[in-house]
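I have placed the structure first, in the form of structure tokens, so that the comments after it can refer back to it.
The values are calculated or read from the model by the stated rules, or taken from the named source; none is laboratory data. The structure presented is a predicted model; accordingly, all values stated were derived computationally and were not measured. Cβ coordinates were reconstructed from backbone atoms using ideal geometry, including for glycine residues, and neighbour counts include every protein chain displayed.
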Amino acid sequence: MAKNWAGNITYSATELREPESIEELAEIVAAAPAVRALGSRHSFNRIADTTGIQISVVRMTGAVEIDTGARTARVPAGLRYGEIVEELDRQGWALRNLASLPHISIAGAIATGTHGSGVGNGSLATAVAGLELITAEGSTLTSRRDDTNFAGMVVSLGCLGVVTHVTLDIVPTYEVRQDVYDHLSWAALAENFDAITSSAYSVSLFTDWSDHGLTAWLKSRVDDFNARPDLFGATPATRPHHPLPDGPGEVATVQLGVPGPWWDRLPHFQLGFTPSNGEELQTEYLMPRAHALEAIEAVRALAPRMEPHLFIAEIRTIAADDLWLSPSHSTDCVAFHFTWRQHFPEVSALLPDLDSALAPFGARPHWGKVFETDRERLLVAYPRLNDFARLAGGLDPGRKFANDLTSQWLGRVTQ
Ligand SMILES: Cc1cc2nc3c(=O)[nH]c(=O)nc-3n(C[C@H](O)[C@H](O)[C@H](O)COP(=O)(O)OP(=O)(O)OC[C@H]3O[C@@H](n4cnc5c(N)ncnc54)[C@H](O)[C@@H]3O)c2cc1C
């Protein structure tokens, strides 16, 4: 039986189909009573599962088509970011941001609102200028940024159809350097949160929430770099780090201030190596940045309980967007990410308490990770949830793209 990347989910699908053309894909979708698109399987919950057929567009390959006038690139949706970045760079172009790993498919990443970091950087879905998908009855639908409901279509949870191509905004290529600082104290973070999170183009803070404090990874554009002998008391690392405390620094992206292409510095993990640990679970919440310090205190109160089950946590920032189901919808966000050991009962017991601790701050769970948030709270956290449910119901009246998890989240909203 097929499993997700972390091995914690065994899919219930009866088969996996990998069509090679739009026509073949359309035929499969039209004929199937229940169907779900599958990306690179990096989600940690049952979001990509179905009791019917899973479809991967991984074999629907093709060129990266750059429109220099519009500053966009049209790409096959099943490709992984790591498979398009070098071609973009070769032609003098770049994406504004990437997630921590280049291994994820473009369609899968945008469907869940996947993000990187940076106070001025939106999630990866905000780079989407257009989508082409096959809808429930097997027709092609193209949607562009100015179209009605486009803001509802990008972070789709896989509920609107199978995306075949994505048009992404591009910018002129740039170089990035990574500088890591050890021993950042909680007190220094509390006093200088905005200065620290905006001290580079993309900033990630790693911690186990204990009194040991944090490690700061600063990813700076080389054309906008400010040398710092220290970061509010934190000192420059003298050896390469891995996000996990015991991980080998050599397999992470190059640090120690060595400049390199954007695609080889913005992620933490290199395409040729296993990202993170592999045998793990992940949870993440995004919430308004204005609540960052109070929310950190609320999580730190749980630190002793989390400690035996946590590999590492990461604090990042994401700029606001207008996408309906985006976890960074309408507000500049701070994100708290948790990489758990695969201690299923213990982590499952913690999740409701983590959700309750962060609920007062309007925290929104990452759709592709494990969380315990009931629909009532999702409705408050995601004010366009019912609008999205209506959009999905309109495009897929027979609900062939729904599964148990998305039905639980979206409910049965009528048109
Ligand atoms: C090691 C690791 C590191 C991670 N780091 C980050 C990070 O830095 N930031 C972050 O935000 N998240 C991160 N994630 C989470 C990850 O980005 C998301 O779970 C993402 O959705 C995975 O994409 P995927 O291609 O594997 O999609 P899958 O898990 O296969 O599917 C996810 C969703 O996408 C839909 N989908 C897939 N393909 C299509 C398609 N062609 N058309 C329509 N819908 C489709 C599926 O139906 C499903 O709903 C990480 C995950 C791992 C394992």
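Points to keep in mind about this one:
- Residue identified as within 28 Å of Thr274 (Cα to Cα), within 8 Å of the ligand (Cβ to nearest atom) and either more than 16 Å from the chain's Cα centre (by Cα) or in the same structural domain as Trp217 (by TED's automatic domain parsing) (or both) among Arg59, Arg17, Arg36, Arg74: Arg36
- The residues on offer are Ala94, Ala125, Ala109, Ala77, and the sole one that is in contact (Cβ under 8 Å) with a residue 60 or more places away in the chain, over 23 Å from Tyr174 (Cα atoms) and not acidic (Asp, Glu) is Ala77.
- Odd one out for Asp49, checked against (1) more than 9 Å from the ligand (Cβ to nearest atom); (2) over 15 Å from the mean Cα position of the chain (by Cα); (3) among the charged types (D, E, K, R): (1)
- Search result, residues across region 147-163 that are at pLDDT 95 or above and part of a loop (DSSP other than H, G, I, E, B): Asp147, Asn149, Val154, Val155, Ser156, Leu157, Gly158, Cys159, Leu160, Gly161
- So Arg305, is it among the basic types (Lys, Arg), in a loop (DSSP other than H, G, I, E, B), modelled with pLDDT of 95 or more and in contact with a helix residue (DSSP H, G or I) (Cβ under 8 Å, 6 or more places away or on another chain): no
- Any chance Ile55 is β-branched (Val, Ile, Thr) and crowded, with 23+ Cβ neighbours inside 10 Å: yes
- In this entry, Pro267 passes the filter for residues that are assigned to a loop (DSSP other than H, G, I, E, B) and in contact with a Leu (Cβ under 6 Å, 6 or more places away or on another chain).
- Evaluation of Gly138 against the conditions (1) away from the ligand (no atom under 12 Å from the Cβ); (2) assigned to a loop (DSSP other than H, G, I, E, B); (3) in contact (Cβ under 8 Å) with a residue 24 or more places away in the chain; (4) out of contact with any helix residue (DSSP H, G or I) (no Cβ under 6 Å at 6 or more places or on another chain) shows that the sole unmet condition is (4).
- Of all the listed residues (Glu20, Glu65), the sole one being charged (D, E, K, R), surrounded by fewer than 14 Cβ atoms within 10 Å (Cβ to Cβ) and in contact (Cβ under 8 Å) with a residue 40 or more places away in the chain is Glu20.
- Annotation: Val203 fulfils all but one of (1) away from the ligand (no atom under 14 Å from the Cβ); (2) outside any loop (DSSP other than H, G, I, E, B); (3) in contact (Cβ under 8 Å) with a residue 60 or more places away in the chain; the unmet one is (1).
- Test: residue in region 343-351 that is within 28 Å of Val119 (Cα to Cα) and either of a type outside the set (Lys, Arg) or touching a residue at least 12 places away in the same chain (Cβ under 8 Å) (or both): yes
- Taking the criterion of being more than 9 Å from the chain's Cα centre (by Cα), under 24 Å from Thr406 (Cα atoms) and of a type in the set (S, T, N, Q), the only residue of region 81-123 that qualifies is Ser105.
- Gly82 vs. criteria more than 9 Å from the ligand (Cβ to nearest atom), assigned to a loop (DSSP other than H, G, I, E, B) and surrounded by fewer than 21 Cβ atoms within 10 Å (Cβ to Cβ): no
- Residues that are within 12 Å of the ligand (Cβ to nearest atom), among the charged types (D, E, K, R) and touching a strand residue (DSSP E or B) at 6+ places or on another chain (Cβ under 9 Å), drawn from region 275-319: Glu280, Glu284, Glu314, Arg316
- First in region 365-381 and of a type in the set (Lys, Arg), second anywhere and within 16 Å of the ligand (Cβ to nearest atom) and in a helix (DSSP H, G or I), Cβ under 7 Å, 6 or more apart: Arg375/Gln408; Arg375/Trp409
- Test result for Arg41, within 9 Å of the ligand (Cβ to nearest atom), under 21 Å from the mean Cα position of the chain (by Cα) and in a loop (DSSP other than H, G, I, E, B): yes
- Evaluating Ala63 against the criteria (1) under 16 Å from Val166 (Cβ atoms); (2) part of a strand (DSSP E or B) leaves one unmet condition, (2).
- Look at (1) of a type in the set (Gly, Ala, Ser); (2) in a loop (DSSP other than H, G, I, E, B); (3) away from the ligand (no atom under 16 Å from the Cβ) and you find that Gly272 fails only one, number (3).
- Residue match in region 132-150 (condition: under 22 Å from the mean Cα position of the chain (by Cα) and among the small types (Gly, Ala, Ser)): yes
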